[in-house]
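The next block holds one structure in the form of structure tokens; read it before the comments.
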Amino acid sequence: MKLSAIRPIALVLTRELAITGFLLLGVSFVVFIILYLSPGDPFSVLLEGQLSTGEARAGLREALGAPTAWYSRYLSWLANMLTGNFGSSIRTGLPVLSEVFRVGFNTLILTIGSLIITLAIAVPIALYSAVRGTNRISWPLTMFSYVISALPVFWLGYIVIYFFTHKLGLFPLAFGFSGGDQKYRWLYMLLPIFVLGVGNGTISEVIRFLRAEMARVMAEDYIRTARAKGASVWKHAFKEGLLIPVTEMIASKIPFILGGAVIVEQVFNWPGMGRMAWQAAQDRDYPVIMGIAILAAVLVRMGSLLQSVVYVAVNPRAAEE
Amino acid sequence: MIRYTQISGEITELSDLPFWKKAGAVDLAYVGYGLVIVTLVVASYCLGSLNLLPHNPDDIDLELMMAPPLTPGHLLGTDFMGRDMLSRLIVGIQAYFLPGLLAVLISLVFGTVFGVLAGYRGGRSDTVITYINNLVDSFPRLVLILLVIAAFKPDIYYIMLVVGLTNVPVVASLVKGKILFLKQKNFIEADISLGLPTSTIILQHILWHNCRAALIIQATLGMAEAILMETSLSYLGFGVQEPTPSWGNMVQAGANYFMQGKFWPSTAPALAILFTILGFHLLGDGLNNLLEGKRDA
């Protein structure tokens, strides 16, 4: 790559990193507000049935050295978080950050794997119907994508478990994350990745978006020129018609896939962040779920960072705007 | 007479034919199916609240557990406690209906206000609203809902509040896009030079004449999303609790019998979810193609 190609990317990367940092600050603030408004404050548990006046409560806070005003509470909480101290789980007493990182990798595998499955299904259908228009093959495929997207993902999970594990015995049911034959660990992962990839409810939207973008690009003058002079249409259409829309879809669908992961991890007993979030919500273990929410937001922001970098790499003029 | 309108950069002809005459058969089929589903949902809600059901949905009949569909007296069979499936499916609508409407209403009202502020005022309010939109988009919705559940309590109205609020950015960017388009066409400039009051421009000319269709479409999609979200949460055990039926907890309760090869108790509600969501999605898309003149299928 020439220097002239790297400069706009570096420019955008620094700008986007600043925006990301600013957004994550907002994310932490939203999480804090939810926790601040929640009734289950540790001090109210401590004072239950005793001093119930607000004055006494504030007095106790002061005596114990806890900050009283909401902004100083937020700042001390934020400072803790920035040094990596997300607090510890109410249920297990273990530090949240290391616990979330321990299972976060499993969720990352599940999320990335199912993103690949979604795209592997959506891209061919979108390209085919963008180039050929609606015909006898593309219409049923589109309809199929609608049906798939409306399917409740947990029911799809049960069906798949019943047929592939219970009836055919192709895949083991128990997930070998602890014990078992580690060599076949990847085999356990295929089913959940497939179910989340197919059933996360975004396929029809992804197909529609990719098809519309590709059809728009195919109608551009430069494609007609390419075709007229005998150059490869595909090569000319690839960047604007496929690469940019695909990264845009990846960035905007990550939150949905992470949400779907909560359910699929539950169905398949997959030891990931989603299952941990579910357990935490059951136990009202808010430090854990707060850590997960912030980490998930970081993942989402990374996705949109990737999107803007790809966009500028393809179209360096965009960096000047 | 032929009018011209500009949609996504292309000049298209708008004939004076009513929209159902120039519509494609596919779109009409989509909208037709969607309207059937909406009618069924509303009818089920009314039947359920008037208590006009084939059976009492809570009546346990231990003699007749897990009956297949078309059993005499039970059109859709019975579940694992011998309760009538059809009645439970009808009553299950109530778990979604009002909360879903609430979520849609929240997203439409706040989204419209934010969108108008960002598009019409522009400048600093646009920056702030773009920031808020990005902020809301950063959270996976289900994780945010689980956080709210952990911090407060698992209540369907809290959940739908979050669903509604997280849908605000979608509506806001939609309205903003419309306004920017109208500005580009000097539509708003013309209004201002005519001396029309701002309220008339925004309420009548922008929202009523130009955003109406898009907002209706967004409402149907929002309803589908609310149903899917409630279903997911019921499955996770945070939605409506047994014995009150909701489609999500029916699927989950039936799933315990899945490995014995008894699919029906969990498949019936799953199919109900599937056809309903499909109906709302197709209605939204069909209306989009009919009213907005977009054709992408």
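The values are calculated or read from the model by the stated rules, or taken from the named source; none is laboratory data. Predicted model, so just to flag it, every value in this text is computed and none were measured. When we count neighbours, we look across all protein chains shown, and the Cβ atoms used for this are built from the backbone with ideal geometry, even at glycine.
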Single residue of B:Leu221, B:Leu228, B:Leu180, B:Leu233 found to be away from chain A (no Cβ under 14 Å) and either buried (at least 18 other Cβ atoms within 10 Å of the Cβ) or modelled with pLDDT of 85 or more (or both):
B:Leu180
Mind listing whichever residues of region B:241-257 are surrounded by fewer than 24 Cβ atoms within 10 Å (Cβ to Cβ) and aliphatic (A, V, I, L, M)?
B:Ala253, B:Ala255
Of the conditions (1) part of a helix (DSSP H, G or I); (2) buried (at least 22 other Cβ atoms within 10 Å of the Cβ), the single one that B:Phe238 does not satisfy is (1)
Name the single residue that is surrounded by the fewest Cβ atoms within 10 Å (Cβ to Cβ) among those in region A:229-276 being basic (Lys, Arg) and either in a loop (DSSP other than H, G, I, E, B) or in contact with a helix residue (DSSP H, G or I) (Cβ under 6 Å, 6 or more places away or on another chain) (or both).
A:Lys229
Taking B:Asp155 as the residue in question, decide whether it is closer than 15 Å to A:Pro255 by Cβ, over 18 Å from the mean Cα position of the chain (by Cα), surrounded by fewer than 24 Cβ atoms within 10 Å (Cβ to Cβ) and not hydroxyl-bearing (Ser, Thr, Tyr).
no
For region B:251-260, give me each residue that is within 11 Å of another protein chain (Cβ to nearest Cβ) and farther than 30 Å from B:Val171 by Cβ.
B:Gln252, B:Gly254, B:Ala255, B:Asn256, B:Tyr257, B:Phe258, B:Met259, B:Gln260
Picking from A:Ser129, A:Ser149, A:Ser138, A:Ser145, the residue that is buried (at least 17 other Cβ atoms within 10 Å of the Cβ) and modelled with pLDDT under 85 would be A:Ser138
Residue, nearest to the other protein chains (Cβ to nearest Cβ), within region B:285-297, restricted to residues that are assigned to a helix (DSSP H, G or I) and in contact with a Phe, Trp or Tyr (Cβ under 9 Å, 6 or more places away or on another chain):
B:Asp285
Hey, can you tell me all the residues within region A:76-116 that are among the polar types (S, T, N, Q) and surrounded by 16 or more Cβ atoms within 10 Å (Cβ to Cβ)?
A:Ser88, A:Ser89, A:Asn106, A:Thr107, A:Thr111, A:Ser114
Determine which single condition B:Met65 fails, assuming it passes every other condition in (1) part of a helix (DSSP H, G or I); (2) surrounded by 16 or more Cβ atoms within 10 Å (Cβ to Cβ).
(1)
A:Val246 away from chain B (no Cβ under 14 Å) and not hydroxyl-bearing (Ser, Thr, Tyr)
yes
Residues in region B:261-275: is at least one closer than 30 Å to B:Lys176 by Cα, crowded, with 24+ Cβ neighbours inside 10 Å and either more than 8 Å from every other protein chain (Cβ to nearest Cβ) or touching a helix residue (DSSP H, G or I) at 6+ places or on another chain (Cβ under 8 Å) (or both)?
no
Odd one out for A:Thr111 among (1) closer than 26 Å to A:Val217 by Cβ; (2) within 14 Å of chain B (Cβ to nearest Cβ):
(1)
Cβ-Cβ below 6 Å, separation at least six or inter-chain, first residue in region B:227-243 and aliphatic (A, V, I, L, M), second buried (at least 23 other Cβ atoms within 10 Å of the Cβ) and not in a helix (DSSP H, G or I): which pairs?
B:Ile227/B:Tyr96; B:Leu233/B:Gly239; B:Val240/B:Ser246
Hey, B:Asp137 within 14 Å of another protein chain (Cβ to nearest Cβ), among the charged types (D, E, K, R) and buried (at least 16 other Cβ atoms within 10 Å of the Cβ) or not
yes
Could you give every pair whose Cβ atoms fall below 8 Å, whose first residue belongs to region A:273-290 and is facing chain B (nearest Cβ under 7 Å), and whose second residue is in a helix (DSSP H, G or I) and among the aromatic types (Phe, Trp, Tyr), counting only separations of at least 6 or pairs across chains?
A:Ala280/A:Tyr286
Scan region B:208-222 and give yes if some residue there is of a type outside the set (A, V, I, L, M, F, W, C) and either within 30 Å of B:Arg83 (Cβ to Cβ) or not in a helix (DSSP H, G or I) (or both), otherwise no.
no
Is one or more of the residues making up region A:296-315 more than 11 Å from chain B (Cβ to nearest Cβ), outside any helix (DSSP H, G or I) and at pLDDT below 85?
yes
Do you know which residues across region B:253-274 are modelled with pLDDT under 85 and either farther than 19 Å from B:Ala67 by Cβ or not in a helix (DSSP H, G or I) (or both)?
B:Asn256, B:Tyr257, B:Met259, B:Gly261, B:Lys262, B:Phe263
Does region A:70-90 contain any residue that is modelled with pLDDT of 85 or more and closer than 30 Å to A:Tyr311 by Cα?
no
